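Down below is the structure, laid out as structure tokens.
The values are calculated or read from the model by the stated rules, or taken from the named source; none is laboratory data. The model shown is predicted, which means the values in this text are computed figures rather than measured ones. Virtual Cβ from ideal backbone geometry, glycine too; neighbours counted across all protein chains shown. With ligands, DNA and RNA removed, areas are computed over all heavy atoms of the protein, side chains included. Shrake-Rupley method; radii C 1.70, N 1.55, O 1.52, S 1.80 Å.
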Amino acid sequence: MTTLLCCDENEKAQLTRRGLLGRAAAAGGGAALAGLAGEALSTNLAFAAGTYTGDTLVVLSLHGGFDGLSAFAPIGDADYYKARPGIAVPKSKVIAGDGMFGLHPALAPLLPQWKAGRLAAVHAVGQQNPTRSHFAAMEAMENAAPGSSIRTGWLDRMLGMTGATGPLAGVSLGASMPSRLLAGPAADLSMVGVDDFELAGDGRKPMAAALRAMYADAPPLLAGPALAADRALAAAGSVKGGYTPANGAVYPDTDLGGALRDVARLIRAKAGLVTAAVDCGDWDMHDGLGPAVKGQRMFDNLTDLATALAAFVTDLGEAGMKNVTVLTISEFGRRVKENGSRGVDHGHGNAMMLLGGGVRGGKVYGNWPGLAPAALIQGDLAVTTDYRSVIGEVLQKRCGIGALDRVFPGVKPSAFGLAAAR
């Protein structure tokens, strides 16, 4: 169930019980008011009721189709350079790796994590049924139960197994709509940011007081969502106010930087955070992906990503990151061959990043199929590892989710050993 709350930009409309219920239906069942947010980013946060003892799981969705072949370049595969004569990352420019794969130079802010064994990647991952439709691929990835009648999001199912039932069981932060990852019965709440989490006045009295008065005599079925929103407002108030990042961390002034800053803030506040799902867009680079130099789209986007994640790690410190795992997903990768606009079109296989104290990093995992023309799937990198199995290994070893089939039906966890058991 989703509850959306907003800042004060939209608050000229009169609030009525009928209007509130109409908006609630559109939002999936909660008390809803539309919020304003950056188009490229949204964050969803979920809080446990005090019984969860696993890692805080941060799921970073790189919407648009992330190019894993740039981020973790297969420098040991000669066909990579044949397919991308203008945009391949030169061997001389990678900043770390193992001879087969090399890190894009824009990931330099994360190099200390790679060297410390806290950053890893998995290559040739993806979904088993390829589609080049953003909407269809993202919907399938967030549902993660193909061929079944399950319609909930996989993160909602994971939350249901942690006992996260408090008023802040799930929170969407940054976007006007919540992520499909959290679609389902677990309660989740949408807001622009921690300090913006409020109901503006309706012109006569504070909105929260109006909600309580309006639903005081309503049947529980109608009053429940509105009163849940009121409880969430009260709970969130305890973490609002000024926030100073720790350890000299400086977040970039970007949507992603602000979102990760709020995630770190909630972790440090010991609010019982179980999971944060952050959406970060602008990876659909049909043109201008460019060579591995500053000023090109891929270089600059990777720099923003790495800088924000590095600040997040600095803020939490080694002790804080000990119980945090960050992983990335994207609906699909990019085609192997560059196009005429120094970009790459929609593809299939991709790479995932994993970052955290329990990650066995400093290497690229996976079963590499190669980039020879005969090894490609309609011109795309073949998928040799189901992305769900990678997440499954993290869920079992770091989050204590034993019955993985209840999250990912029919999927076994990967056996790469990329995560240490808690």
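Out of all the residues in region 323-353, which are acidic (Asp, Glu) and either surrounded by 24 or more Cβ atoms within 10 Å (Cβ to Cβ) or under 16 Å from Pro130 (Cβ atoms) (or both)?
Glu331, Asp345
Looking at Ala121, is it assigned to a loop (DSSP other than H, G, I, E, B) and open to solvent by less than 40 Å² (accessible area, probe 1.4 Å)?
no
Give me a count of the residues in region 217-236 that are charged (D, E, K, R) and either in contact with a strand residue (DSSP E or B) (Cβ under 9 Å, 6 or more places away or on another chain) or under 17 Å from Val194 (Cβ atoms) (or both).
So the answer is 1.
Of (1) loosely packed, with under 14 Cβ neighbours inside 10 Å; (2) more than 21 Å from the chain's Cα centre (by Cα), Ser133 satisfies all except one. Which?
Status for Ser133: all satisfied but (2).
Sort through Pro369, Pro373, Pro409 and tell me the only one that's open to solvent by 10 Å² or more (accessible area, probe 1.4 Å) and either closer than 30 Å to Gly272 by Cβ or aliphatic (A, V, I, L, M) (or both).
The match here is Pro409.
Please determine whether any residue of region 340-351 is modelled with pLDDT of 95 or more and within 26 Å of Arg265 (Cβ to Cβ).
The answer is no, given that none of the residues of region 340-351 is modelled with pLDDT of 95 or more and within 26 Å of Arg265 (Cβ to Cβ).
Looking only at region 248-306, filter to residues that are under 20 Å from the mean Cα position of the chain (by Cα) and among the polar types (S, T, N, Q); which one of those is surrounded by the most Cβ atoms within 10 Å (Cβ to Cβ)?
Top of the filtered list is Thr275.
Can you name the residue in region 35-76 that is crowded, with 21+ Cβ neighbours inside 10 Å and of a type in the set (D, E, K, R) and is also modelled with the lowest pLDDT among such residues?
Only one residue tops the list, namely Asp55.
Of the numbered conditions (1) surrounded by fewer than 20 Cβ atoms within 10 Å (Cβ to Cβ); (2) at pLDDT below 95; (3) among the acidic types (Asp, Glu), Asp79 fails exactly one; give the number of that condition.
(2)
From (1) within 19 Å of the chain's Cα centre (by Cα); (2) outside any helix (DSSP H, G or I), pick out the condition that doesn't hold for Gly86.
Single failed check for Gly86: (1).
Please work out which residue is nearest to Leu273 (Cα to Cα), limiting yourself to region 217-241 and to residues that are assigned to a loop (DSSP other than H, G, I, E, B) and open to solvent by 20 Å² or more (accessible area, probe 1.4 Å).
Per the stated criteria, the residue is Lys240.
Are any residues in region 294-318 part of a loop (DSSP other than H, G, I, E, B) and more than 13 Å from Ala108 (Cβ to Cβ), and if so, which ones?
Gly295, Gln296
To keep it simple, each residue is scored yes or no on (1) in contact with a Leu (Cβ under 6 Å, 6 or more places away or on another chain); (2) surrounded by fewer than 19 Cβ atoms within 10 Å (Cβ to Cβ); (3) farther than 17 Å from Gly361 by Cα.
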site: Arg388; (1), (2), (3): no, no, yes
site: Ile391; (1), (2), (3): no, no, no
site: Val394; (1), (2), (3): no, no, no
site: Lys397; (1), (2), (3): no, no, no
site: Ile401; (1), (2), (3): yes, no, yes
site: Ala419; (1), (2), (3): no, no, no
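Which of the residues spanning region 66-119 are acidic (Asp, Glu) and closer than 22 Å to Ile329 by Cα?
Selection gives Asp67 alone.
Could you give me the residue pairs with C-beta distances under 9 Å whose first residue belongs to region 183-196 and is open to solvent by 10 Å² or more (accessible area, probe 1.4 Å), whose second residue is at pLDDT 70 or above and among the aromatic types (Phe, Trp, Tyr) wherever it lies, and which are 6+ apart or on separate chains?
Cβ pairs passing all conditions: Met191/Phe197; Asp195/Tyr243.
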